[in-house]
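The values are calculated or read from the model by the stated rules, or taken from the named source; none is laboratory data. If you're wondering where the values come from, they're calculated on a predicted model, not measured in any experiment. A quick note on method: Cβ atoms are made from the backbone with ideal geometry, for glycine too, and the neighbour counts reach across all protein chains shown. Heads up: the accessible areas ignore ligands, DNA and RNA and are worked out on the full protein's heavy atoms, side chains in. Shrake-Rupley method; radii C 1.70, N 1.55, O 1.52, S 1.80 Å.
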Amino acid sequence: MQTVQHSEQTLKTALISKNPKLVSQYEQLDTGERRLLNKAFKPDSDLFGPITLHSESDWIISHPEPPQDFEQFFSDPSRKAPSPEKRSIYIQRIGSLGNTRIISEEYIKWLKGYCEAFFYGLTVKLLEPVPVSVTRCSFRINDNTQNLQIHAGHILRFLKKKKPRDAFCIVGITTIDLYPRDSWNFVFGQASLTDGVGIFSFARYGSDFYSSRYEGKVNKLQKVSSSDYSVFDNYYIPEVTSVLLLRSCKTLTHEIGHIFGLRHCQWLACLMQGSNHLEEADRRPLNLCPICLRKLRCAVGFNIIERYQALVKWIDDESADIPGVSTGHSREDNVNLPKPVEAFKEWKEWIIRCLAVVQK
């Protein structure tokens, strides 16, 4: 195992900058907020640790990128920030998220609520779900997994056309596996900063995706017609679990973070680290490191205390508002569906420790 360790001065410069204007901007932050952010370069901090690399296939090793400090983020001419007219994040569901209508509807409401807390101060809106056929995207059978995949780039093109006038960004979510180009095996998600669009899949977040028993496999290796979208009818959907919800929240906020102009983090263990595989994605924390938190705070303008409190409230609010079920729905739809937040317990405890630092 290898550790990516930066000096205190390097981390301090990455967070605060040496630009007098940005230093002054930092000094105007609330004392408690600065106390928390300064933990980035405190060697005794138990809140923010270094990045650990476990294999040659990890993102930083296999995808070398220049790091982005706060000054580079702030000065990026291509970076877009929400405006008074464009302060909405739209979520577009593509296909089903659960094996009943109610599960699909509740799952996307849980994701909406998490997004509203994570990007505190922005409005999150849900668009009417669409089947894969509406996107007119290319698709294929993956040679390794023998399951269906849809083309991420084509989905981004579809979302760009659907982007509402008041949208800062629009993000698609699906349980169908994605690929970005023919030469790639798969991608968890993809986003375009310039167009304000993103797509992510949690197909690979199901507990049995890499198992030989995975029910999403295409058993008959017949040639799939490029226009026959009926192959997606009743396509396999992973079971909704607490771990699946956590992984989905993690990828959704990571991809939207890119749309705000946050590049892959190489400073500390952080949500914005890149990931090449599920094991690496699971090691990535739910939280932003102080450098990326300052970037997002600069873009959105939230109060750190209020944001953390909103995240705790989302975790504590375990029950979902179940809409009235009409007689036309099956008995299995008419169930109480609690939000599965067991996997978020450590994340909640971490937030509470952060709040204690800020409110000291």
Open item on the list: Restricting to segment 233-251, and then to whatever is of a type in the set (S, T, N, Q) and assigned to a loop (DSSP other than H, G, I, E, B), can you tell me which residue is most open to solvent (accessible area, probe 1.4 Å)?
Closed with: ASN234
Task: Residue list for segment 186-202, filter: open to solvent by 10 Å² or more (accessible area, probe 1.4 Å) and part of a loop (DSSP other than H, G, I, E, B) - done: PHE186, PHE188, LEU193, THR194, ASP195
Open item on the list: If I go through segment 318-360 residue by residue, how many of them are at pLDDT below 80, over 19 Å from GLY113 (Cα atoms) and of a type outside the set (Val, Ile, Thr)?
Closed with: 9
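Is there a residue in segment 4-25 that is in contact with a strand residue (DSSP E or B) (Cβ under 7 Å, 6 or more places away or on another chain), open to solvent by 50 Å² or more (accessible area, probe 1.4 Å) and closer than 17 Å to GLN273 by Cα?
Kept after step one, since they are in contact with a strand residue (DSSP E or B) (Cβ under 7 Å, 6 or more places away or on another chain), are these residues of segment 4-25: 4.
Within this subset, residues satisfying the condition of being open to solvent by 50 Å² or more (accessible area, probe 1.4 Å) are none.
The answer is no, given that none of the residues of segment 4-25 is in contact with a strand residue (DSSP E or B) (Cβ under 7 Å, 6 or more places away or on another chain), open to solvent by 50 Å² or more (accessible area, probe 1.4 Å) and closer than 17 Å to GLN273 by Cα.
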- [ ] Within segment 275-306, work out how many residues are touching a Leu at 6+ places or on another chain (Cβ under 9 Å), at pLDDT 95 or above and either open to solvent by 50 Å² or more (accessible area, probe 1.4 Å) or among the basic types (Lys, Arg) (or both).
- [x] 3
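Restricting to segment 94-128, name every residue that is among the polar types (S, T, N, Q) and more than 28 Å from ALA299 (Cα to Cα).
We begin by selecting, within segment 94-128, every residue among the polar types (S, T, N, Q); these are 96, 99-100, 104, 123.
SER96, ASN99, THR100, SER104 - these are the residues of segment 94-128 that are among the polar types (S, T, N, Q) and more than 28 Å from ALA299 (Cα to Cα).
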- [ ] Could you run through segment 139-154 and say how many residues are open to solvent by 40 Å² or more (accessible area, probe 1.4 Å) and touching an Asp or Glu at 6+ places or on another chain (Cβ under 9 Å)?
- [x] 1
Task: Enumeration of residues in segment 120-136 that are more than 27 Å from HIS151 (Cβ to Cβ) and buried (at least 19 other Cβ atoms within 10 Å of the Cβ) - done: TYR120, LEU122
- [ ] Return the total of residues in segment 28-52 being charged (D, E, K, R) and either outside any helix (DSSP H, G or I) or loosely packed, with under 10 Cβ neighbours inside 10 Å (or both).
- [x] 4
Task: Close pairs from segment 139-162: first in contact (Cβ under 8 Å) with a residue 24 or more places away in the chain and in a loop (DSSP other than H, G, I, E, B), partner open to solvent by less than 30 Å² (accessible area, probe 1.4 Å) and among the hydroxyl-bearing types (Ser, Thr, Tyr), Cβ under 9 Å, at least 6 apart - done: ASN142/TYR179; THR145/TYR214; GLN146/TYR214
TODO: Examine segment 165-175 for a residue that is more than 17 Å from the chain's Cα centre (by Cα) and open to solvent by 30 Å² or more (accessible area, probe 1.4 Å), and state whether such a residue exists.
DONE: yes
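Among the listed residues ARG79, ARG101, ARG87, ARG157, which satisfies the condition of being open to solvent by 40 Å² or more (accessible area, probe 1.4 Å), under 22 Å from PRO238 (Cβ atoms) and charged (D, E, K, R)? Full working, then the answer.
Numbers: ARG79 fails: under 22 Å from PRO238 (Cβ atoms); ARG87 fails: under 22 Å from PRO238 (Cβ atoms); ARG157 fails: under 22 Å from PRO238 (Cβ atoms).
Sole residue among the options that is open to solvent by 40 Å² or more (accessible area, probe 1.4 Å), under 22 Å from PRO238 (Cβ atoms) and charged (D, E, K, R): ARG101.
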